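Worksheet: one structure, shown below.
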Amino acid sequence: MRIPVSKDPYHKAPDLKPGSGWKWIQAGVWPCQWIGPPQTFQRPVVLAFRRRFVAPRDIQLTCHVSADERYELYLDGKRVGRGSERGDLDSWYFESYRFRLKKGPHVLVARVWALGDQAPFAQMSLRPGFILGTQEEWLDLVATGRASWQVKELGGYRFTKNPIAWGSGSNLDLDGSAFSWGIEKGLGKGWVEALSRAGDEGCDGIRRNETPPTRRMRPAVLPAMMEARREVPTDSGWPLRIPAHSSFEKLIDLKDYYCAYPELRVSGGKGSVIECAWAESLFNEPEARTKGNRNQVAGKYFVGVGDVFRPDGGKNRLFETLWWQAGRYLRLKGKTGSQALLIHDLALRETRYPLSMQSRFRSSDPRLERFIPIGLRGLQMCSHETFMDCPYYEQLMYVGDSRLEALTTYALAQDARLPRKAIQLYDISRLPSGLTQSRYPSHVTQVIPPFSLWWIGMVYDYALWRGDGELLRSLIPGVRAVLGAFQGFMDAEGLVRGPEGWNFMDWVPSWDAGVPQDGAHGVSALINWQMVGALEQASQLEDWLGEKELAIRNRRLASELAARLVKRFWVPKRGLFSDGLDRKHFSEHTQCLALLSGHLPAAKRSALAKQLCEADGLDRSTIYFSHYLFEAYGLLGRPDLLLKRLELWFGHESLGLKTTLEAPEPSRSDCHGWGSHPLHHYFATLLGIRPASFGFGSVRIRPQLGRLQNIEGSMVHPLGFISARFEKKNGKLHGSVTLPKGLSGTLLMNGREIRLHPGKQTA
């Protein structure tokens with residue numbers, strides 16, 4: 001079994017205290033070493049490491065395991081884990097496993113691969129290797145660099161560039177004739193002694209002058225990814241018998257979106273070539289421009305990516321991939337040689353972060369509920385060892401995306417480990433400029449300066465929704481560094497001018513690469529209002545830490561910048577803020593962030609609120625930035641407009657979508673985590689349940705039903721659940737609220753502020 005992350009599964013790392021059999025982990029340097037092959041391999045390379053040993057008696061063996069880049073671990077022929085949990089060189093994670101072994105012979109095998117420049121962008125690497133540590137009593141029995149391990153290169157692997165999903169790494173072409181069958185049991189020839197490098201011990205951060213660059217070992221912070229076997233049905237059923245010298249093609253609609261390792265079991269077929277390709281949807285044209293209804297198959301074209309398997313003629317050969325694939329449609333296509341092929345079956349081993357929806361929601365509009373499975377599935381498919389923008393394409397964790405994914409997670413589940421990890425990795429990613437990288441982990445550096453400000457928002461969100469002062473104290477230097485970097489971008493007038501990088505804000509069709517007017521090199525009102533908001537959030541963070549002087553300073557800077565923005569960008573005739581200094585272009589985006597900043601004079605706030613809701617000629621928010629539009633609608637008490645804009649999400653069902661779109665049609669990605677954010681607003685805006693103090697220490701409930709006749713739900717809270725039900729009667733709201741023990745707050749309803757206490761109360 002894999003050791004649980006902690007007794008408190010939502011926050012702490014494994015308890016590896018001295019005196020518990022693994023005190024060396026906290027000593028700085030492990031008493032075992034990274035091992036590798038005796039010769040240098042050109043990446044990509046796939047290796048197997050083997051340790052045969054005899055347990056002198058019935059024992060409990062605790063193993064701490066990591067690899068560069070990734071591994072599968074087998075004990076006595078059975079796969080017991082995968083890793084290493086994705087991080088970077090400063091956070092190189094190891095997984096911990098506990099085995100109960102009977103007296104007698106056993107074998108540990110690790111399949112390890114390092115793909116180099118063919119790896120996914122999100123995969124970091126130093127050099128290929130494997131490490132396994134254990135209790136001091138058993139170091140000489142199984143630890144790498146102490147016990148005798150063997151290694152061999154695995155043949156049959158070839159990697160092909162992915163022509164569509166550019167960030168997700170190369171695909172696999174596996175030749176069964178050259179593959180080492182039975183490798184999971186440690187079988188086969190060609191094993192040689194694995195070697196360790198002097199000074200290449202596992203290291204948790206202690207550095208010595210003679211220590212070469214290495215990986216900073218940290219306990220895995222997430223639970224094991226979910227793995228569930230899913231049968232893949234076909235219209236003709238399994239098995240499929242393919243005659244010699246023939247071609248075959250079978251399209252399979254999985255009926256849902258999956259991230260999964262395919263498992264293809266075959267017999268015979270020597271000389272055959274089988275392509276197992278994936279697509280999110282079929283296309284209307286062979287050039288893959290538009291998709292239409294995702295349920296429709298007739299007359300459409302399959303354009304996808306996947307892996308190739310080449311059977312060797314053996315019986316019951318199980319072909320698997322090293323990394324999972326994603327999509328809804330599978331196509332098995334190939335041809336046979338001189339030997340007939342028997343395909344016994346195709347199964348999927350679904351994988352993702354074990355996120356489930358603990359909150360519940362109902363209303364008088366059934367469309368809101370019908371969207372929940374789509375929104376939830378979209379979030380789940382973008383939640384793995386990190387958040388991801390999309391599982392089919394980049395598979396990268398971007399700040400702007402993951403902020404919305406994290407907020408949705410807070411509303412749906414008590415488990416906040418994945419958001420916490422995201423926030424910490426972005427902090428580690430910060431560059432000498434003070435800015436975070438826009439996506440991380442990633443071995444390809446990219447900077448989107450506004451995303452660094454959204455990272456401050458992520459820190460603020462976590463502090464507000466989940467708390468943890470110790471974490472906040474560790475992050476606040478990074479928050480200050482980001483603000484310092486943006487102050488360095490200010491011109492002589494005190495306005496932020498075109499930070500160097502890609503100043504993406506939203507996929508607005510009329511914007512160049514998602515950059516608002518003057519966002520690249522000039523002065524963008526949108527980016528400046530975002531800076532005001534970040535200063536305000538940072539001031540609250542400083543307040544929570546007791547840094548009153550810094551809090552006052554940040555509020556003063558926010559107020560001064562807001563005043564300059566009012567002076568330079570306010571257009572009285574329109575009652576709006578322009579996007580650029582020429583005062584000719586206007587967007588919902590700029591108005592939203594100006595309103596949300598809390599730094600507008602009352603008269604201008606009133607005029608702007610009216611125009612945001614009524615004015616024509618504004619560049620409209622797309623799926624991503626609509627979160628901030630919904631925040632503004634909630635602030636203004638306009639749930640009617642929020643529900644109207646949700647029509648785009650309600651349309652997902654009629655399009656046959658199983659997950660959330662990246663952007664309005666024609667959308668590149670059918671599964672983008674940021675599109676799930678309406679689920680956050682079900683609870684935080686419509687039901688109106690929001691934290692009122694640090695760590696959700698108190699609650700403020702302000703229900704906004706709009707045209708809904710009734711609404712009810714139960715939302716997760718660190719202390720349990722907050723339940724609420726409201727309905728309209730005779731022009732007024734009536735309802736009840738139930739708070740968990742230890743929580744109090746206020747209810748704003750019918751123009752009254754009602755104090756709330758633990759337990760149930762009606763109003």
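The values are calculated or read from the model by the stated rules, or taken from the named source; none is laboratory data. Keep in mind that this is a model prediction, so the values were computed, not measured. Quick reminder, even Gly has a Cβ in these numbers, built from the backbone with ideal geometry, and neighbours come from all protein chains shown. Surface accessibility is based on the protein's heavy atoms, side chains included, excluding ligands, DNA and RNA. Shrake-Rupley method; radii C 1.70, N 1.55, O 1.52, S 1.80 Å.
Estimated at the nearest 10 Å², the accessible area of residue 732 is 120 Å² with a 1.4 Å probe. Note on residue 585: accessible area approximately 90 square angstrom, rounded to 10, probe 1.4 Å, nucleic acids and ligands left out.
Can you give me the C-alpha center-to-center distance between the range 378-401 and the range 468-529, rounded to a whole angstrom? If you average the Cα positions of each part, the centres end up 23 Å apart.
Rolling a 1.4 Å probe over the protein heavy atoms gives the chain an accessible area of 38 Å² per residue. Per residue, the convex hull spanned by the Cα atoms of the chain amounts to 178 cubic angstrom. Counting every pair of alpha carbons in the range 623-763, the share spaced more than 25 Å apart comes to 34 percent. A full extension of the chain between residue 100 and residue 748 corresponds to an added length of 227.7 nm, given 0.36 nm per residue minus the alpha carbon distance. Each Lys or Arg adds one and each Asp or Glu subtracts one; over the other residues with Cβ under 14 Å from the Cβ of residue 561, this totals +3. With a Förster radius of 30 Å applied to the C-beta separation of residue 253 and residue 444, the computed FRET efficiency comes to 0.30.
Per residue of the chain, the DSSP helices (runs of n ≥ 4 H) give a summed -39500 (n - 2.57) that works out to -7500 deg cm²/dmol at 222 nm. Taking all protein chains together and a 1.4 Å probe, the residues 267, 338 rank 338, 267 from largest to smallest accessible area. Surface listing: 383, 246 arranged by accessible area from highest to lowest gives 246, 383, probe 1.4 Å. The residue among 281, 761, 615 whose Cα reaches farthest toward the positive pole of the charge dipole of the chain, with charges on the beta-carbon of Lys, Arg, Asp and Glu, is 761. All C-alpha pair distances within the range 40-185, sorted into 5 Å bins from zero, spread as 2, 9, 18, 22, 19, 14, 9, 5, 2, 1, 0 percent across the bins. Each label point was placed 7 Å from the Cα along the Cα-to-Cβ direction; for residue 175 and residue 295 their separation is 4.6 nm.
Using just the Cα positions, wrap the range 218-285 in a convex hull and report its mean projected area in square nanometres, one decimal place.
8.5 nm²
Net charge dipole, the chain: roughly 1580 debye, given to the nearest 20, about the Cα centre with Cβ charges of +1 for Lys and Arg and -1 for Asp and Glu. Each Lys and Arg Cβ is given +1 and each Asp and Glu Cβ -1; about its Cα centre, the range 136-226 then shows a dipole of about 320 debye. Largest first, the residues 323, 455, 544 sort by 1.4 Å accessible area into 544, 323, 455.
Look at the Cα gyration tensor of the range 158-202: its axes a ≥ b ≥ c give a/c of at least 1.5 with a/b at or below b/c, and that counts as oblate. Highest mean packing first, where packing is the average number of other Cβ atoms within 10 Å per residue, the peptides 594-602, 168-176 line up as 168-176, 594-602.
State the percentage of accessible surface on the chain attributable to carbon and sulfur atoms; use a 1.4 Å probe and exclude ligands, DNA and RNA.
About 50 percent, which is the carbon plus sulfur part of the accessible surface.
Can you compute the FRET efficiency between residue 369 and residue 763 using 1/(1 + (r/R0)^6), with r the Cβ-Cβ distance and R0 = 35 Å? Round to the nearest 0.05. Rounded to the nearest 0.05, the efficiency is 0.90.
Computed packing ranks the peptides 527-540, 221-234 as 527-540, 221-234, most packed first, by mean other Cβ atoms within 10 Å. Which one, 649, 693, 167, projects farthest toward the positive side of the charge dipole computed for the chain from Cβ point charges (K/R +1, D/E -1)? Checking the options against the dipole of the chain, the answer is 693. In terms of packing, defined here as the mean over residues of other Cβ atoms within 10 angstrom, the peptides 722-731, 194-203, 155-164 line up highest first as 194-203, 722-731, 155-164.
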